[in-house]
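Encoded as structure tokens, the structure appears first; notes follow it.
The values are calculated or read from the model by the stated rules, or taken from the named source; none is laboratory data. If you're wondering where the values come from, they're calculated on a predicted model, not measured in any experiment. Note that each Cβ is placed from the backbone with ideal geometry, even for glycine, and that neighbours are counted across all protein chains shown. For the accessible areas, the whole protein counts, side chains as well, though only heavy atoms, and no ligand, DNA or RNA atoms are used. Shrake-Rupley method; radii C 1.70, N 1.55, O 1.52, S 1.80 Å.
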Amino acid sequence: MNAIADLIKETAARVEARLNELLPAEDVQPATLHKAMRYSIFAGGKRIRPLLCLESAKACGGDEDDALNAACALETLHTYTLIHDDLPCMDNDDMRRGRPTNHKVFGEGIAVLAGDALLTEAFAILSRVPSNERYTVGDYVAEFAYRTGSLNLVGGQVLDLEGEGRALSVDELRAIHNGKTSALIMASTRLGGMVAGCTQEQLDALTAYGRDLGLAFQIIDDILDITSSPEVLGKSIGKDAAEHKATYPALVGMEQARREARDLTASARAALEVFSPKRREVLLAINDYLLNRDY
Ligand code: GRG
């Protein structure tokens with residue numbers, strides 16, 4: 001196993017241990033709700049957003065423990081989006097993270113509420129990260145709300161819903177991907193920088209890095225939906241094509257999709273030039289790893 005794969009594994013274990021401390025236990029009332037929240041959050045998952053948050057904070061010389069709580073807030077919110085995205089009224093999926101989706105196990109009502117509670121809890125966790133000399137808790141919360149609200153993440157989901165059954169342009173598809181995926185990845189890199197008290201120059205670099213890596217991540221996700229298997233991905237595949245959903249490979253072809261992912265990875269790499277070689281080393285390795293990932 002290479003160094004970056006080891007780092008991903010170690011980080012996932014640290015994030016899961018902290019999430020276990022932060023979230024109400026399964027037997028806390030209402031127990032069904034807490035069981036459902038924990039069912040999806042502890043179902044595995046690559047923990048890429050927490051990793052990006054932690055490593056962005058480290059690149060700016062920040063406190064790792066503060067960044068770990070911000071990282072947990074990102075994973076908590078991400079898990080809500082997955083639960084809601086899988087609902088029958090959205091993507092209607094049966095499998096996620098290698099197990100039956102939340103609504104398949106707990107029913108639609110509890111799945112909606114588990115997602116709602118994770119979304120709310122994410123803001124509570126973030127609100128406990130201390131301010132520093134450059135950013136206040138209010139700045140973190142405003143950043144998180146902006147990237148995950150109607151103008152970005154939820155807005156991207158709306159564009160996706162409204163685009164169903166209609167031929168989309170590449171620009172329209174890019175707007176969906178930027179909203180649904182890139183926005184939360186940008187929040188991850190930016191919040192990592194902010195909790196570390198980064199400079200404006202560092203924040204601009206982390207913004208561009210998160211934006212381009214985020215879009216590349218979703219293009220690879222589209223590609224894996226064609227080239228991978230349910231066993232490897234832990235979710236159903238081929239649904240995009242079966243439902244004639246717009247994806248990068250469907251719109252521009254597999255070769256061009258791969259080229260765009262490579263180009264975005266290169267521009268994400270270039271954005272990190274403001275950091276010293278030592279400080280940017282891990283972020284660069286994550287960038288390359290995600291381009292070449294197979295799940
Ligand atoms: C408000 C009803 C309602 C729904 C919101 C915003 C939203 C639902 C859904 C968008 C979520 C979504 C599935 C976006 C696609 C992003 C993506 C690539 C998710 C998979 O991320 P990974 O690969 O998954 O990091 P793991 O399981 O590893 O965490």
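Table for the structure above
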item	result
Index of the failed condition, L68 passing every other in (1) under 30 Å from N292 (Cα atoms); (2) more than 16 Å from the ligand (Cβ to nearest atom); (3) open to solvent by 40 Å² or more (accessible area, probe 1.4 Å)	(3)
Subset of segment 1-21 (residues that are open to solvent by 10 Å² or more (accessible area, probe 1.4 Å) and in contact with a Leu (Cβ under 9 Å, 6 or more places away or on another chain))	L7, I8, A12, R14, R18
Complete set of residues in segment 22-63 that are among the small types (G, A, S), crowded, with 22+ Cβ neighbours inside 10 Å and within 12 Å of the ligand (Cβ to nearest atom)	S40
Residue list for segment 189-211, restricted to those being farther than 21 Å from P249 by Cα and either open to solvent by 50 Å² or more (accessible area, probe 1.4 Å) or polar (S, T, N, Q) (or both)	T189, T199, Q200, E201, Q202, D204, T207
Extreme residue, nearest to the ligand (Cβ to nearest atom), among residues of segment 88-105 that are under 22 Å from A31 (Cβ atoms) and surrounded by fewer than 22 Cβ atoms within 10 Å (Cβ to Cβ)	R97
Those helices (runs of 4 or more DSSP H) lying entirely in segment 99-189 with at least 3 residues without any contact (Cβ under 8 Å) to a residue 40 or more places away in the chain and farther than 29 Å from L283 by Cα	108-127, 153-163
Some residue of segment 124-144 being within 16 Å of the ligand (Cβ to nearest atom) and surrounded by fewer than 17 Cβ atoms within 10 Å (Cβ to Cβ)	no
Top-ranked residue in segment 154-188 [being hydroxyl-bearing (S, T, Y) and closer than 26 Å to L54 by Cα; ranked as surrounded by the fewest Cβ atoms within 10 Å (Cβ to Cβ)]	T181
Search result, residues across segment 120-135 that are more than 14 Å from T76 (Cα to Cα), in contact with a helix residue (DSSP H, G or I) (Cβ under 9 Å, 6 or more places away or on another chain) and not basic (K, R)	V129, P130, S131, N132, Y135
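Quick grid of which residues meet (1) under 13 Å from the mean Cα position of the chain (by Cα); (2) within 11 Å of the ligand (Cβ to nearest atom):
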residue	(1), (2)
K180	yes, yes
G197	no, no
D212	no, no
I220	no, yes
